[in-house]
Each structure stands twice: as C-alpha cells, then as structure tokens.
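The values are calculated or read from the model by the stated rules, or taken from the named source; none is laboratory data. Remember, it's a predicted structure, so these values are computed and weren't measured experimentally. All Cβ positions, even for glycine, are placed from backbone atoms using ideal geometry, and neighbour counts span all protein chains on display.
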There are 4 protein chains.
Amino acid sequence: MPDSTRRSERSRHAILTAAHELVAEVGYRKLTIEAIAARAGVGKQTIYRWWPSKGAVVLDGMLAAMGDPEDLALPDTGDVDADLRGVVHAIVEELAEPGLSGTSRSLMIEMQDDPDLAEGVLERLLGPQLAAIADRLRAAQDAGQLRRDLDLSVAVEMLIGPLYHRWLLRTAPLTPAYADTVTDLALRALAPDRLASHGEDRLE
Amino acid sequence: MPDSTRRSERSRHAILTAAHELVAEVGYRKLTIEAIAARAGVGKQTIYRWWPSKGAVVLDGMLAAMGDPEDLALPDTGDVDADLRGVVHAIVEELAEPGLSGTSRSLMIEMQDDPDLAEGVLERLLGPQLAAIADRLRAAQDAGQLRRDLDLSVAVEMLIGPLYHRWLLRTAPLTPAYADTVTDLALRALAPDRLASHGEDRLE
Amino acid sequence: MPDSTRRSERSRHAILTAAHELVAEVGYRKLTIEAIAARAGVGKQTIYRWWPSKGAVVLDGMLAAMGDPEDLALPDTGDVDADLRGVVHAIVEELAEPGLSGTSRSLMIEMQDDPDLAEGVLERLLGPQLAAIADRLRAAQDAGQLRRDLDLSVAVEMLIGPLYHRWLLRTAPLTPAYADTVTDLALRALAPDRLASHGEDRLE
Amino acid sequence: MPDSTRRSERSRHAILTAAHELVAEVGYRKLTIEAIAARAGVGKQTIYRWWPSKGAVVLDGMLAAMGDPEDLALPDTGDVDADLRGVVHAIVEELAEPGLSGTSRSLMIEMQDDPDLAEGVLERLLGPQLAAIADRLRAAQDAGQLRRDLDLSVAVEMLIGPLYHRWLLRTAPLTPAYADTVTDLALRALAPDRLASHGEDRLE
DNA sequence: AATTAACCGAGACGGTACGTCCTGTCTTGTA
DNA sequence: TACAAGACAGGACGTACCGTCTCGGTTAATT
C-alpha cells in the first residue's frame with residue numbers, strides 16, 4: 001500500500017516487521033506501541049501517523065508476512081468432497097499451528113471492540129478466504145452437487161464454523177481426523193436430497 | 001466458592017455487582033479494577049486478594065448475575081427437531097442481544113491470553129451449556145433419531161459453531177430465520193441415513 | 001514500665017527487641033509496624049494497643065536496650081575541665097558510633113513532626129543526660145569555677161550544641177581532637193573573668 | 001540546574017511552586033508526590049523524571065523561593081561583636097518562624113537517611129550560610145579580633161550549634177535575649193586572650 | 001543551488017491505571 | 001477473654017504506556 005505522501009518506506013517496513021515479531025514473542029496483549037517503535041528504531045509518532053490502532057499495525061504486519069493472496073482460490077477438480085476436505089484440512093492445520101494461530105486469534109479478539117479493525121480483518125484477511133470457499137461451493141451447486149436452495153454464506157459457516165468454535169474455545173485439539181469428521185457431516189448437510197424430486201424444504 | 005478464610009461476604013457481593021454493572025456500562029476494555037473497587041466501596045487489595053485477573057472478576061460477576069444453572073437442561077419432548085430448534089433460537093437470541101453479548105464476547109477474548117480464565121469460562125460458563133446440548137443429543141441418539149456413530153462433541157459444534165462464527169466475525173446479522181436454516185442443515189447432517197441398511201460411512 | 005493491665009510481658013519484650021533489631025538492620029525510615037509485628041510473632045493490634053506510633057516503639061526499644069540510667073551522673077573530681085572533657089569525649093564517641101547513632105538520629109528526626117514523641121524523647125532519653133551535665137556545671141558554678149551569671153541550660157548547649165550540629169549535618173567527622181577543641185572553647189566561654197572585680201557583662 | 005534536554009520550564013516552575021506551597025500547608029510528612037503533581041497540573045512521571053526524591057523537590061522548591069543567595073554575605077562593619085550578633089539574631093528569628101522552620105527542619109530530618117539529599121542540602125542550602133559566617137570570622141581573625149589558632153569551622157559551630165540544638169530539641173523557646181546570650185558566650189570563647197603575650201593554649 | 005515544508009528519530013509531556021505496600025481498624029478462631 | 005493472624009477500606013507509591021506535543025535534523029520537491 002505505497003502512499004505517495006509517505007516518505008520512509010524503510011520505516012514502514014521496519015514497523016510491520018517489528019510488530020509481527022513482537023506479537024509472536026510476547027503476545028498481542030503485552031504488545032505495546034512503544035515496543036514496536038523501539039524495535040523498529042522509529043518514533044512513536046510515525047506509527048500513530050499511519051495506523052489508527054495497535055490492531056491495525058498487527059493486521060498489516062500479518063498481511064505483509066503472508067505475502068500475496070493469489071493462492072487463496074480453491075482447486076476445482078470436479079470432486080467437491082475432495083476439494084472441500086482439502087481446504088478444511090488446510091484450515092485445521094493452520095489453526096493448529098501455535099505461532100500464526102495466536103496472532104490471528106488475537107486479531108479476532110481485538111476486532112470485537114474495534115469496528116474499524118473488524119472491517120479491516122474481515123475485508124482483507126478473512127473475507128477473501130470465505131469468498132474463495134463460497135466460490136467453490138457455488139461451482140458445485142451449479143454442477144448439481146449441492147442443494148440448490150443453499151445460502152452459500154451459511155454453507156461456508158457449516159463447514160468452518162465448527163473449526164473456529166473448537167479453535168477459539170479450545171474444547172478439544174484440532175486433528176486431521178476431526179477435519180474429516182466435520183467435512184463428512186457438513187457435506188451430508190449440504191448435499192442434495194437423494195431423491196431430488198421435490199426440493200421444497202423450509203430452507204430459505 | 002466460599003473460602004473459609006474469606007471474611008466479608010458483603011465485599012464479595014459488592015465487587016461482583018459492581019463488576020457486572022460496570023462491564024455493562026463502559027464495556028470490558030474500559031473496565032478497570034480501580035473503578036470496580038471504587039463502585040464497590042472496597043480497597044483494591046481486596047479484589048487482588050481473591051481474584052487473579054479482571055477477567056476472573058467479570059466471569060464471577062456474570063455467573064452470579066445469571067443465578068442457578070439448573071435451567072440449562074434442554075426440554076426433551078421427544079421431538080429432536082423442535083427441541084434443538086428451540087435451543088438454537090435461544091442462543092441466537094442471546095448472542096443478538098447487545099448487553100450480555102458484549103460481556104461474553106469479551107470473556108472469550110480474554111481467555112485467549114489467559115489459560116486460567118479460559119479454564120474457568122469453559123468449565124463454569126460454556127461447558128455446562130455445551131454439555132446440556134450434548135445430553136439432549138445423546139438421548140436422541142439413543143432413541144435412534146440421530147446417527148449412531150456421531151461424536152457428540154462434534155455434533156454440538158455442527159449446531160452452534162456456525163452461530164458463533166457469524167457472531168464473532170459479524171459477517172451477517174443473527175436472525176430467527178438464520179437459526180432455522182442452521183437447525184435444518186445441522187439436523188440433516190446428524191440424522192441417520194434414510195435407508196438405515198448400511199451405516200458404513202467414514203465417520204469415526 | 002510494667003503495666004498491670006498488660007497481659008503478655010513476653011509480647012512486650014519481643015516487640016521491643018524486634019523494633020531495636022530492625023531499626024538497626026533497615027533503618028528507621030524503612031521500618032514498618034508490620035515488620036515489627038512479624039518479627040516479634042505478634043499481632044499488629046498488640047502494638048497499636050500499647051504504643052501510639054512507630055517512634056514510641058523505637059524509643060522504648062532503645063531505652064530497654066540501654067538499660068538502667070543510673071550511670072548518667074557525671075563524676076565530680078573537683079576538676080571541671082577534666083570532668084567536662086570526659087563527658088564531651090563520651091558523647092563524641094557515642095555519636096561517632098554508626099549503630100546507635102542512626103537510631104537516635106532517626107528519633108530526633110521523628111520528634112520534629114510528633115509532639116508526643118518529642119516529649120518522650122526529651123523526658124526519658126535526652127533530658128536526663130542534659131540534666132546530668134547541668135548538675136555538674138551547677139556544682140562547678142557553686143565552687144566559683146564558672147561564671148556566676150550563667151544560665152545553665154545555655155551553658156549545656158554551648159558544650160554539646162556544636163557536637164550535635166556537626167553530627168546532624170555531617171559537615172566533618174567527630175574525633176577526639178574535636179572533642180578537645182570544643183571543650184577548650186566552651187570552658188573559655190563559661191569560665192569566670194580572670195579579674196573577677198567586675199561581672200557586669202550583659203549576660204542575663 | 002538547567003538541563004538541555006528539559007523541555008518544559010513551565011512545568012518545572014509549577015512543580016517547585018506547588019512543592020513549596022504544599023510543604024507549608026500540610027507539612028513535609030504529609031506531602032505526597034501525587035499532591036505536588038496534581039497541584040502543579042503535571043504528570044507524576046515528570047517529577048520522577050527530574051528529581052530522585054521528595055526531599056530533592058522540596059529542597060529545590062525552597063531554594064527557588066529563597067531567590068538569589070548573593071545576600072548571604074555578612075556585613076563587615078569592623079565590629080565583630082555587632083556583626084555576629086546580627087547574624088545570630090537573624091538565624092534565631094528565622095528558626096523561630098514556624099513556616100520556614102518546619103520545612104528546613106524536615107529537610108534536615110530527611111537528609112539523615114538520604115546521603116544524596118544530605119549532600120544537596122549541605123552544599124546548596126546550609127553550606128553557603130556557614131561559609132558566609134566563616135568568611136566574616138576569618139576577616140575578624142585577620143584583624144586580630146579573634147584567636148589566631150581558631151579552627152574556623154569549629155568557631156562557626158560554637159556560634160550556631162547551640163541555636164540548632166535548642167531548635168531541634170525544642171528544649172526552650174528561641175528568643176532575642178537567647179541570641180544575645182549565645183553571642184556573648186561564643187565571642188568570649190573566640191576572643192583572643194586579654195594578654196596576648198602568649199597564645200600557646202592547647203587549642204589545635 | 002537555495003528554500004521550504006513535511007517527515008523523521010527521539011523522547012518529554014499530561015494523564016490513567018497498574019499492582020504493591022503499608023496504614024490503622026475490625027473480625028475470626030485458638031488456647 | 002486476650003491474643004496471633006490477617007482481612008478490611010483507604011491511599012500513596014513508583015512504573016508502564018497511552019496518545020499528543022515539541023524539538024532539531026534530514027530529505028524531497030519547489031523555487
């Protein structure tokens with residue numbers, strides 16, 4: 001996001017790197033703007049000038065560290081089951097990894113009290129991921145592999161809502177077997193009726 | 001949690017009440033121990049003596065305000081669909097309500113960085129609710145209304161995971177219609193195969 | 001000072017001992033009632049019951065550690081010079097010793113803001129010492145060895161005022177040579193005129 | 001003590017003024033850093049940043065309120081008796097005045113446990129006053145009005161040691177008559193022998 | 001090339017809250 | 001029933017950060 005009025009690209013980069021490193025080292029809660037500034041060798045004002053909140057810096061730091069989002073699109077092999085199973089496994093894997101997991105958990109937390117951050121996280125971090133899944137589901141729906149009356153946003157939630165629930169509440173570990181179980185159940189919910197003669201269910 | 005060495009029941013009650021009131025008034029983030037102490041007419045040390053963190057006080061305050069948890073048990077009318085639809089509607093309603101919602105959202109936030117609080121929230125607030133749903137599901141399973149090979153904890157997550165996902169990410173509003181949709185889809189996932197002749201699915 | 005209504009002589013003694021030890025270990029300023037109570041194995045209330053202030057406890061502890069004050073009376077060898085030189089040397093020695101010095105310095109300090117303590121220190125600690133010197137001076141005066149028109153309390157101050165000044169302000173070390181110098185000068189001030197024919201000085 | 005890195009002269013002045021006012025209003029013991037900060041409209045950290053202790057602030061406040069120390073030099077009318085009598089009267093007057101007296105008494109107290117403060121008080125507050133007296137005494141000595149073998153620092157103590165002794169111990173009130181008495185006696189001690197033919201006294 | 005205006009680092013500033021310590025009083029349970 | 005033990009309300013401590021605000025000292029882009 002190069003801003004023409006911004007002078008020091010070096011500072012911007014150092015800030016994002018410092019934020020990303022520090023959030024991994026001390027956790028989001030103990031992260032301070034002063035520490036980021038010190039680590040980045042930057043005046044506090046330089047941070048306050050360009051970012052409205054700690055969360056915004058961390059979000060940018062995370063996005064910068066993730067690199068290009070071109071690989072978000074799900075493969076479409078024609079096999080819905082396999083494709084979705086793949087993405088569920090990938091998410092479970094990602095959420096199970098302690099490092100990244102902590103940061104994004106903190107971001108999801110912080111957005112609860114910070115509407116601007118919420119918007120940012122949703123539009124730039126989570127939104128694209130959800131949209132990618134929805135896209136694949138739409139293709140499957142068009143191919144008649146999923147119920148025609150599905151609300152795709154709900155469908156996505158049926159797939160990954162359980163994962164996030166377990167991840168946030170830490171009620172149980174996130175394992176590949178769990179990914180399979182969830183995929184199975186979700187697909188059962190999303191699949192068309194075996195006898196497609198009448199799709200008059202009460203689904204909206 | 002009556003402690004034999006604790007002296008002033010009056011103070012304990014005043015603290016929990018103040019915490020509950022204040023978290024509703026100013027929100028969790030802006031809530032301070034000093035404000036709780038001042039409102040409760042209590043020395044700060046009295047709070048620090050009995051609670052390890054702000055989150056712990058708020059959790060206790062919330063539990064105290066909720067009263068006895070005997071009414072958590074779901075009704076069992078014999079009609080799984082209706083009973084679960086009822087609890088999903090209740091949860092959606094609760095999560096949609098701004099006041100309570102904010103507090104528990106904050107607690108879920110705080111537990112991410114505080115394992116002790118996480119344990120407390122899970123065991124005393126969320127655990128019982130999840131267990132109540134699991135109990136009802138078990139009864140339905142025993143009655144042959146749900147798949148025999150269900151992992152009940154996963155089943156619970158299929159029901160309410162989507163709700164929490166939408167609630168935390170604020171991707172869309174929580175409405176009664178949404179509650180119905182989720183119930184329908186979840187039940188479809190949990191129901192036994194129409195032709196029970198072959199339950200060989202890969203569910204664990 | 002055994003009080004008939006006092007129950008535990010053991011407690012009283014333990015408190016005074018603890019106070020005396022602690023003031024030597026951590027200094028008066030860092031001495032706390034709580035520490036005295038803990039060291040003495042006594043409830044705080046037991047201290048507050050019998051002493052009005054920290055200073056009072058320390059004063060009593062000091063007096064208890066000093067033992068009987070019978071040896072305060074100065075010798076009267078008939079030689080004023082020698083007798084006073086002796087007491088000045090003794091005081092200088094005492095003030096130069098770090099341990100005792102610190103405690104009594106602290107007491108003199110504390111009395112500045114605590115009239116009750118001031119009275120106690122004056123009547124029970126310093127008063128008797130000053131009176132002993134005054135007594136010896138009076139004897140000398142009666143023997144014609146000192147000016148007849150001397151105000152004895154001022155005379156005492158001429159002798160030991162300089163010592164305390166140097167001690168409190170730490171402007172220079174207190175040495176035996178200094179004791180001699182002060183004694184010489186003070187005696188010169190207090191001695192009768194060489195030609196006693198006219199004592200018309202303006203001394204009151 | 002202007003520090004090149006110090007920014008707000010306004011704050012510095014407000015702090016010193018507040019300290020000076022408050023110590024007069026509530027006394028040194030009850031004076032708190034928080035109260036100074038509040039009165040000065042300043043953050044506590046701004047005080048802690050520049051002063052190591054409460055005593056240091058009060059000392060600076062006192063020095064600031066006293067203004068330039070150029071008028072410390074004693075007059076030299078050629079009449080030692082009159083000049084010294086004047087300064088003794090001035091000191092007695094100053095010590096007898098409740099306001100200033102309390103503050104400097106507190107400072108003398110505090111320096112007992114705080115070597116840094118002791119150094120400050122000595123060098124910046126008391127030292128110059130003592131030096132001024134010593135200077136006058138030296139002139140008198142050079143003029144043959146005082147004993148040639150005098151240690152001037154001891155001589156100063158003979159003059160004002162008695163005053164401070166009475167002031168600190170409050171054994172008796174400080175009156176002009178007392179000032180005269182002390183001056184008379186001290187001068188008698190410091191004066192050269194009437195028959196100056198042999199100054200071989202034991203004075204060092 | 002000189003001027004100038006924004007940005008930069010550094011960190012002081014007025015504040016708020018922290019968690020600790022101690023005060024002097026009050027309460028409980030033990031001997 | 002006097003005591004040790006220590007909880008209590010209160011309040012100051014000294015620290016950590018907040019977000020704002022000067023300070024010079026570089027940069028660019030404009031004169």
query = Which residues, taken from region D:113-161, are among the small types (G, A, S) and over 22 Å from C:I109 (Cα atoms)?
reply = D:A131, D:A132, D:A134, D:A139, D:A140, D:A143, D:G144, D:S153, D:A155
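Hey, which of the helices (runs of 4 or more DSSP H) in region B:93-183, taking only ones fully inside, have at least 3 residues that are more than 11 Å from chain A (Cβ to nearest Cβ)?
Values: elements: B:98-111, B:115-120, B:127-142, B:152-169.
Because the criterion is at least 3 residues that are more than 11 Å from chain A (Cβ to nearest Cβ), the helices (runs of 4 or more DSSP H) in region B:93-183 that meet it are B:98-111, B:115-120, B:127-142.
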request  = Could you tell me which of the residues D:D60, D:D76, D:D81 is surrounded by 13 or more Cβ atoms within 10 Å (Cβ to Cβ) and outside any helix (DSSP H, G or I)?
outcome  = D:D76
query = Do you know which of the residues in region D:1-22 that are more than 8 Å from DNA strand F (Cβ to nearest atom) and of a type in the set (K, R) is farthest from C:D114 (Cα to Cα)?
reply = D:R6
query = Across region A:13-46, which residue is modelled with the lowest pLDDT among those that are more than 13 Å from DNA strand E (Cβ to nearest atom), assigned to a loop (DSSP other than H, G, I, E, B) and crowded, with 18+ Cβ neighbours inside 10 Å?
reply = A:Y28
ask   = Does region D:67-84 contain at least one residue that is modelled with pLDDT under 95 and among the polar types (S, T, N, Q)?
value = yes
message = With the requirement that a residue be in contact with a Gly (Cβ under 8 Å, 6 or more places away or on another chain), touching a residue at least 24 places away in the same chain (Cβ under 8 Å) and crowded, with 18+ Cβ neighbours inside 10 Å, what does region C:163-192 give you?
response = C:L163, C:Y164
task = Can you work out which of the residues in region B:23-34 that are out of contact with any Gly (no Cβ under 9 Å at 6 or more places or on another chain) and either hydrophobic (A, V, I, L, M, F, W, C) or within 14 Å of DNA strand F (Cβ to nearest atom) (or both) is farthest from A:D114 (Cα to Cα)?
result = B:E34
ask   = Of the conditions (1) away from every other protein chain (no Cβ under 14 Å); (2) outside any loop (DSSP other than H, G, I, E, B); (3) more than 15 Å from the chain's Cα centre (by Cα); (4) surrounded by 13 or more Cβ atoms within 10 Å (Cβ to Cβ), B:R10 fails just one. Which one is it?
value = (4)
